[in-house]
Amino acid sequence: MGARAVAAAARAGGDRAGERVAPRAGGDRPAGPPALARGGAAGTASARGLLLTVLGELVLPAGGAAWTSAFIAAFARLGVGEKAIRQALARAGAAGWIRPERHGRRTRWVLTAGGTRLLTEGTERIYAFTGTQRDWDGSWMLVLAPVPDAGRPARRRLRTRLSWAGLGSPAPGVWITTHANRLAEVEDALRGAGIASWQAFAAEHRAGAGLAALVAQAWDLPAIEKRYEEFLAEFGSPAAADPLARLVELVHAWRRFPFIDPGLPGRLLPPGWIGMRAARLFTARHERWSPPAAAEWARLNGPAAVTDAGLRTPP
């Protein structure tokens with residue numbers, strides 16, 4: 001289960017399907033994953049996205065299993081109702097991420113091997129993302145993937161999949177990335193979009209207009225910067241009355257950035273790029289909130305947790 005599966009799971013984590021990174025005229029602009037709608041009425045789509053975050057952040061490092069009652073108690077703090085989380089668990093089970101185990105009246109959900117791989121890959125990408133690409137040697141990957149005028153659905157799928165792999169489009173049918181090692185992701189994206197005729201090249205900028213103009217054509221950095229500003233405003237304070245809820249909100253909000261930010265090298269970014277500041281804030285808040293959140297999750301998932309029926313089990 002590779003990058004394509006991780007991206008597909010991340011797409012399932014969106015909260016507002018209509019929210020996208022603003023398009024840039026002239027190229028095939030990316031459609032990024034939606035932002036976290038904190039505190040609002042959360043439906044099943046939101047619950048499924050939050051569930052993916054909880055599975056990766058709390059369940060995976062704690063042994064890979066959790067009671068339904070623990071999910072219900074944790075999600076209540078996030079404004080997600082019991083019906084929505086039960087539906088999200090059922091859908092995650094149908095997708096093969098988790099499997100149910102019955103213990104009398106109680107149900108415990110266990111990560112499958114495929115779910116473990118998916119979450120491990122996803123968390124590695126989230127925690128490794130720093131808002132910039134270090135040690136860039138100047139190499140580019142250039143992808144030519146023209147789509148016929150009649151292929152609007154295919155063009156939309158291609159735009160979404162390639163942008164989530166960090167590629168930008170400076171002109172129709174042309175895609176570029178400074179991550180020259182992502183050919184496997186590109187191949188998965190093209191295959192998933194149903195594009196059979198395409199070509200990929202290793203490239204190097206030799207002459208012509210400055211790269212700043214090319215970057216501006218390929219990626220809408222001001223729109224991404226706005227998302228970072230929202231993230232910094234939301235998590236600027238280290239205070240957390242409920243560290244478990246804040247940690248889930250933090251990771252859920254951060255995990256979209258590896259898919260909407262192409263992770264360009266510093267020399268191609270505006271001076272003082274806000275993404276690096278946001279990455280440092282994420283690390284600081286995660287280190288602060290993770291220990292008490294893990295302890296609270298252990299309590300909710302322990303022998304004294306609330307059962308599916310709302311009763312307490314014997315100590």
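The values are calculated or read from the model by the stated rules, or taken from the named source; none is laboratory data. Please read all numbers here as calculations on a predicted model, not as lab measurements. Using ideal geometry, Cβ is built from the backbone for each residue, glycine included, and neighbour counts are taken over all protein chains shown.
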| Which residue, of Ala92, Ala74, Ala45, is buried (at least 17 other Cβ atoms within 10 Å of the Cβ) and at pLDDT below 95? | Ala45
| query | Filter region 101-135 for residues that are among the hydrophobic types (A, V, I, L, M, F, W, C) and surrounded by fewer than 17 Cβ atoms within 10 Å (Cβ to Cβ); which is farthest from the chain's Cα centre (by Cα)? | reply | Val110
| query | Considering region 217-239 alone, what residues qualify as being more than 23 Å from the chain's Cα centre (by Cα) and touching a residue at least 24 places away in the same chain (Cβ under 8 Å)? | reply | Gln217
| message | If I go through region 240-293 residue by residue, how many of them are within 23 Å of Trp136 (Cα to Cα), in contact (Cβ under 8 Å) with a residue 60 or more places away in the chain and of a type in the set (Gly, Ala, Ser)? | response | 5
| message | Restricting to region 142-177, name every residue that is β-branched (Val, Ile, Thr), touching a helix residue (DSSP H, G or I) at 6+ places or on another chain (Cβ under 7 Å) and under 17 Å from Trp219 (Cα atoms). | response | Val143, Ile176
| Which numbered condition Gly236 fails, given (1) exposed (fewer than 12 other Cβ atoms within 10 Å of the Cβ); (2) more than 18 Å from Met276 (Cβ to Cβ); (3) among the small types (Gly, Ala, Ser) | (2)
| For residues in region 160-174 being over 13 Å from the mean Cα position of the chain (by Cα) and in a loop (DSSP other than H, G, I, E, B), which is farthest from Gly192 (Cα to Cα)? | Pro172
| Selection within region 67-92 - part of a strand (DSSP E or B) and over 22 Å from the mean Cα position of the chain (by Cα) | Trp67
| field | Filter pass, Pro243 being surrounded by fewer than 12 Cβ atoms within 10 Å (Cβ to Cβ) and touching a helix residue (DSSP H, G or I) at 6+ places or on another chain (Cβ under 8 Å) | value | no
| note | Residues in region 175-203 that are within 19 Å of Gly263 (Cβ to Cβ) and part of a strand (DSSP E or B) total 6
| query | Of the residues that sit in region 93-127 and are outside any helix (DSSP H, G or I) and among the β-branched types (Val, Ile, Thr), which one is farthest from Phe282 (Cα to Cα)? | reply | Thr107
| query | Hey, among Arg29, Arg86, which residue is in contact with a helix residue (DSSP H, G or I) (Cβ under 9 Å, 6 or more places away or on another chain), more than 17 Å from Val251 (Cβ to Cβ) and modelled with pLDDT of 95 or more? | reply | Arg86
